[in-house]
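Encoded as structure tokens, the structure appears first; notes follow it.
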């Protein structure tokens, strides 16, 4: 029963966000799409803060890097400045290295193993 | 014109995959289910957005860089996901209590 109440509260929050984003804001269409991506990043940050174990936080940080790459591509479409794609490539590189390093640290191995 | 239509359809498809991937990361019960939902956000989500940008911009500087970035993401992200899941199992994270089969644990114990 409490699971049903939590499900309905989450559905209401998501519905309010989509109605405000698509019917009440006065911005261009690409900026509405950027808002959806920012809401996804907010949900991922919820899992980073309240994750029960360390592995949850590492998974969330990995996916957060991927979302930032998509956000930078959307900013390139919005502002037409092509250096955002350069930042996206650098961010993808360092996100991959950070994920591998954190996984090795979680498994309990040393640096020279 | 038609290039803009195809590009925006790919971008909207990628955005929906990103949103539902993040929703699965919040909703699902244990680490391995969350990882399985969250890696969908890579192969169709952000790669779809970058492919849409490439289709919209064509063979210009930004378009070629978006294509290179998409190939790099598709190559590296499954490696990181595999390493994270193996490290999570070896560091002793419990499975959910609705799990029915655990082949990697049986393999580690030396059976079969």
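Of all residues in segment B:25-43, those satisfying the criterion of being within 7 Å of chain A (Cβ to nearest Cβ) and buried (at least 20 other Cβ atoms within 10 Å of the Cβ) are B:25, B:31, B:34, B:35, B:38, B:41, B:42.
Of all the listed residues (B:100, B:93), the sole one being out of contact with any helix residue (DSSP H, G or I) (no Cβ under 9 Å at 6 or more places or on another chain) and either at pLDDT below 90 or more than 10 Å from chain A (Cβ to nearest Cβ) (or both) is B:100.
Please report, ordered by residue number, the helices (runs of 4 or more DSSP H) entirely within chain A with at least 1 residues that are within 10 Å of chain B (Cβ to nearest Cβ), modelled with pLDDT under 90 and under 23 Å from residue B:91 (Cβ atoms).
Values: elements: A:2-19, A:29-50, A:54-79, A:83-107.
In chain A, A:29-50, A:54-79, A:83-107 are the helices (runs of 4 or more DSSP H) which contain 1 or more residues that are within 10 Å of chain B (Cβ to nearest Cβ), modelled with pLDDT under 90 and under 23 Å from residue B:91 (Cβ atoms).
Within segment A:12-58, the set of residues being surrounded by fewer than 16 Cβ atoms within 10 Å (Cβ to Cβ), farther than 26 Å from residue A:76 by Cβ and under 14 Å from the mean Cα position of the chain (by Cα) comprises A:46, A:49.
Output the residue which, of all residues in segment B:25-37 that are part of a helix (DSSP H, G or I) and free of Cβ contacts under 8 Å to residues at least 24 places away in the same chain, is farthest from residue A:70 (Cα to Cα). Give the steps one after another, and end with the answer.
Going residue by residue through segment B:25-37, those that are part of a helix (DSSP H, G or I) are B:25-27, B:31-37.
Next cut, free of Cβ contacts under 8 Å to residues at least 24 places away in the same chain only: B:25-27, B:34, B:36-37.
Working: B:25: 17, B:26: 19, B:27: 22, B:34: 20, B:36: 19, B:37: 17 Å.
So the residue we want is B:27.
The number of residues in segment B:1-24 that are surrounded by fewer than 15 Cβ atoms within 10 Å (Cβ to Cβ), more than 10 Å from chain A (Cβ to nearest Cβ) and assigned to a helix (DSSP H, G or I) comes to 6.
The values are calculated or read from the model by the stated rules, or taken from the named source; none is laboratory data. Note that the structure is a prediction, hence the values are computed from the model and not measured. A quick note on method: Cβ atoms are made from the backbone with ideal geometry, for glycine too, and the neighbour counts reach across all protein chains shown.
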